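K.L.:
Next up is a structure, given as structure tokens.
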Amino acid sequence: MSSPLKQPMAVFYGHVRKGLIMLALLSVAACSPSNDYADINAFMDEVDARPRGRIEPLPPIETVPPFSYVVSNKRSPFEPPAIVKRVDRRSGPQVTPDFNRVKQFLEQFPIAQLAMVGTLAQNGVTFALVQDGNGGVHRVQPGDYMGSDHGKIEGVKETGIDLIEIVPDGTGGWVERTRSVSLAGGA
């Protein structure tokens, strides 16, 4: 005699076997070719039968002669315009830079590479803090020199430094011009 537990298991496995067979038959039926796509196939055949289009050739590449943009003798657009005071040589004093004077450290940098970053007051004297082109910060006061155009500091304010530069006038002489360096990020 068979155990009562074996009979329900045999029935269960019989149902599983029938389910797997049905699943396999459905899979095969789904993969079989059918004519449900007849309209799509007809459209594709029609498109393939149309005459092929012609793509126009690219236009020839136009060669442009090279252009040399030389502005080394012009003022940088990133520098403020300089105000030049013309000095009449016959009536006014002759202006010349002192070439025998020992140059100070900040005279090796153009004014455009120098930035005022603050002020410092000690014993009643106001100093300006100037950052050079290499990132170093230096303390300057009236009478010191900075910039590559013989710029002598005339005054230090909290908003900027006023200086007078001695520059060539283009005719073989020299002329003074006023210049200011504003506080970086300020007024």
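K.L.:
For the range 47-78, give me each residue that is of a type in the set (D, E, K, R) and closer than 30 Å to I111 by Cβ.
P.N.:
Matches in the range 47-78: K74, R75.
K.L.:
How many residues, within the range 119-134, are more than 15 Å from L106 (Cα to Cα) and either surrounded by 10 or more Cβ atoms within 10 Å (Cβ to Cβ) or of a type in the set (K, R) (or both)?
P.N.:
Result for the range 119-134: 5.
K.L.:
Which of the following residues is modelled with pLDDT under 90 and surrounded by 10 or more Cβ atoms within 10 Å (Cβ to Cβ): R75, R50?
P.N.:
R75
K.L.:
Right, next: Could you tell me which of the residues V70, V95, V84 is modelled with pLDDT under 90, touching a Lys or Arg at 6+ places or on another chain (Cβ under 6 Å) and farther than 17 Å from S182 by Cβ?
P.N.:
Answer to the selection: V84.
K.L.:
Moving on to the next point. Go through the range 139-163 and give me each residue that's aliphatic (A, V, I, L, M) and in contact with a Gly (Cβ under 7 Å, 6 or more places away or on another chain).
P.N.:
First, pick out the residues of the range 139-163 that are aliphatic (A, V, I, L, M): 140, 146, 153, 156, 161, 163.
Passing the criteria: I153, L163.
K.L.:
In addition: Checking the condition of a type in the set (G, A, S), touching a Phe, Trp or Tyr at 6+ places or on another chain (Cβ under 8 Å) and surrounded by 14 or more Cβ atoms within 10 Å (Cβ to Cβ), which residue from S148, S180 passes? Break it down into steps so the answer makes sense when it comes.
P.N.:
Values: S180 fails: touching a Phe, Trp or Tyr at 6+ places or on another chain (Cβ under 8 Å).
None of the other options fit; the residue is S148.
The values are calculated or read from the model by the stated rules, or taken from the named source; none is laboratory data. Nothing here was measured: the structure is a model prediction, and the numbers come from that model. All Cβ positions, glycine included, derive from the backbone under ideal geometry; neighbour counts span all protein chains shown.
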